[in-house]
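K.L.:
Mind having a look at this structure? Questions to follow.
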Amino acid sequence: MGMIIQRDFAEGCQLGIWLIRENYDELFSKVSLNEKEMNTLDNFRNHSRKIEWLSVRTLANEMAGRSVRLIYNAERKPFLEDNSYNISISHSHEFTSILLSKDRKVGIDLEYMSHRISGIADRFMNKSEKVTDDPAMIQYHLYIYWCAKEALYKINDKRDIHFKKDIIIDNFDPEEKGELTGTVKTGKGKERFTLNYFRLNNYTIVWSCK
């Protein structure tokens, strides 16, 4: 299928979402891999993991308009080898998403909504964070909270941050799409962030660009 969403924002961020409908050979034909990348790909035992890995690189190339190479640090935070963009990546089931910016910090999370989120909510929800009473919206509301925290975790380099204690999302009423705010506490102090979110079929997508 390919890229179904590509949006540029005034703050210098670019969002792309790829719907994976291609098979392995189709995706492989869209990328140019060096020896190290080929070894990484070959070492994946799970075929769906290979598809996912290839879709990320295909989408990154499409968004950058050229072939780019992804590398990861010790915390598994992604970077472009030539440092031409800051990048954040998320994938779930049949979707891959990327957020790019040349000069801003970025964080994105995309999740397929399953019923298990209610069972783990107490692991990431702070007592100050409130969930709607509407039964039809509870699951989606929780996923927005989770994705927002994941996006802020990524934008802060995935270091020594506790989802429940250190990332606090201001209370909001869930809509099909919207904006919310949150605070992240690190060893350097507290920092405020604005995030955007929307629902796509049975997926929640939240991102921040700062």
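The values are calculated or read from the model by the stated rules, or taken from the named source; none is laboratory data. Quick caveat, the model's predicted, so the values are computed rather than measured. Backbone-built Cβ (ideal geometry, glycine too); neighbour counts: all protein chains shown.
K.L.:
Would you please name the residue that is farthest from residue 14 (Cα to Cα), looking only at residues in segment 72-124 that are buried (at least 16 other Cβ atoms within 10 Å of the Cβ) and of a type in the set (Phe, Trp, Tyr)?
P.N.:
124
K.L.:
Sticking with this structure for a sec: Given the residues 193, 198, 172, 163, which is the only one that is touching a Gly at 6+ places or on another chain (Cβ under 6 Å) and free of Cβ contacts under 8 Å to residues at least 60 places away in the same chain?
P.N.:
193
K.L.:
If residue 60 satisfies every condition in (1) surrounded by 14 or more Cβ atoms within 10 Å (Cβ to Cβ); (2) in contact (Cβ under 8 Å) with a residue 60 or more places away in the chain but one, which is the exception?
P.N.:
(2)
K.L.:
Take residues that are more than 15 Å from the chain's Cα centre (by Cα) and closer than 18 Å to residue 106 by Cα and tell me which of the helices (runs of 4 or more DSSP H) falling wholly in segment 1-79 contain 1 or more.
P.N.:
The qualifying helices (runs of 4 or more DSSP H) are 47-64.
K.L.:
Separate question: Do we find a residue being in a strand (DSSP E or B) and either of a type in the set (Ser, Thr, Tyr) or outside the structural domain of residue 9 (by TED's automatic domain parsing) (or both) anywhere in segment 112-128?
P.N.:
Yes, because at least one residue in segment 112-128 is in a strand (DSSP E or B) and either of a type in the set (Ser, Thr, Tyr) or outside the structural domain of residue 9 (by TED's automatic domain parsing) (or both).
K.L.:
Filter segment 125-138 for residues that are surrounded by fewer than 17 Cβ atoms within 10 Å (Cβ to Cβ) and of a type in the set (Val, Ile, Thr); which is farthest from the chain's Cα centre (by Cα)?
P.N.:
132
K.L.:
Just to be sure, is residue 205 more than 25 Å from residue 132 (Cβ to Cβ), among the hydrophobic types (A, V, I, L, M, F, W, C) and surrounded by 18 or more Cβ atoms within 10 Å (Cβ to Cβ)?
P.N.:
no
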